1. For residue 41, only one of the following conditions fails: (1) in contact with a helix residue (DSSP H, G or I) (Cβ under 8 Å, 6 or more places away or on another chain); (2) in a strand (DSSP E or B). What is its number?
2. Only one residue in 53, 61 is without any contact (Cβ under 8 Å) to a residue 24 or more places away in the chain and within 30 Å of residue 24 (Cα to Cα), so which one is that?
3. Give me the pairs: first residue in the range 3-32 and part of a helix (DSSP H, G or I), second residue exposed (fewer than 11 other Cβ atoms within 10 Å of the Cβ) and not polar (S, T, N, Q), beta-carbon distance under 9 Å, and six or more apart or on different chains, which are they?
4. Go over the candidates 79, 150 one by one and state the one that is among the charged types (D, E, K, R), in a helix (DSSP H, G or I), within 55 Å of the chain's Cα centre (by Cα) and surrounded by 10 or more Cβ atoms within 10 Å (Cβ to Cβ).
5. Scan the range 57-76 and tell me whether some residue there is in a helix (DSSP H, G or I), within 26 Å of residue 16 (Cα to Cα), in contact with a Leu (Cβ under 9 Å, 6 or more places away or on another chain) and at pLDDT below 95.
6. Give the number of residues within the range 17-60 that are small (Gly, Ala, Ser) and more than 30 Å from residue 5 (Cβ to Cβ).
7. Among the listed residues 100, 91, 85, identify the single one that is surrounded by 10 or more Cβ atoms within 10 Å (Cβ to Cβ), in a helix (DSSP H, G or I) and over 16 Å from the mean Cα position of the chain (by Cα).
8. Going by the conditions given, is residue 26 among the aromatic types (Phe, Trp, Tyr), out of contact with any Ser or Thr (no Cβ under 7 Å at 6 or more places or on another chain), surrounded by 10 or more Cβ atoms within 10 Å (Cβ to Cβ) and modelled with pLDDT under 90?
Amino acid sequence: MKIRTLFLLIILVAITAFAALNWSVFTTPATLSLGVTVIQAPLGLVMLGLLAFLSAVFLVFVIYLQTSVLLEARRHARELHANRELANQAETSRFTELREFVEAELKRQANSGAESSAALMVRLDQLDRDLRSAVEQSGNTLAAYIGELEDRIESGTQGITPSPNP
């Protein structure tokens, strides 16, 4: 039990005990002026009735406030839930867009890589053909030089007779 509720209960018990102990004084009739007329009524009971009425009005007011606060809290909770759902949908949409963008970029990179690989292979094939051609030309040139040297050696050895070894 909260301290405020306990405090209110203690005050209510104290008022009830006071009224019970002084019941004869509360019920003693007195002349009361209502502004336009004068009546005979027990002042204590009138005051006790006004206290009960004000307490009832206060209780109704407190219940009204608590109810309005609870309804407002429920409304805020519903709005919060709706906003949370909207945020989740927006986040899901952003993730979907990001995934599509990443997939498109990966495909573009793969296509670019394939194109680069194809271009590289074409270039390597061309270089291979050029290198083979250069090696073949070098071989032909070398063979021509060797043939020319052989011809010179053969033509030079025909006019020279071998000399005896001393």
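The values are calculated or read from the model by the stated rules, or taken from the named source; none is laboratory data. What you are looking at is a predicted structure, and each value in this text was computed from that prediction instead of being measured. Here the Cβ is made from the backbone with ideal geometry for all residues, glycine too, and neighbour counts use every protein chain on show.
1. It fails just one condition, (1).
2. That would be 53, the only listed residue that is without any contact (Cβ under 8 Å) to a residue 24 or more places away in the chain and within 30 Å of residue 24 (Cα to Cα).
3. Every condition considered, the pairs that remain are 9/1.
4. Among 79, 150, only 79 is among the charged types (D, E, K, R), in a helix (DSSP H, G or I), within 55 Å of the chain's Cα centre (by Cα) and surrounded by 10 or more Cβ atoms within 10 Å (Cβ to Cβ).
5. No, the range 57-76 contains no residue that is in a helix (DSSP H, G or I), within 26 Å of residue 16 (Cα to Cα), in contact with a Leu (Cβ under 9 Å, 6 or more places away or on another chain) and at pLDDT below 95.
6. 5
7. Result of the check over 100, 91, 85: 100.
8. Judged against the criteria, residue 26 is a match.
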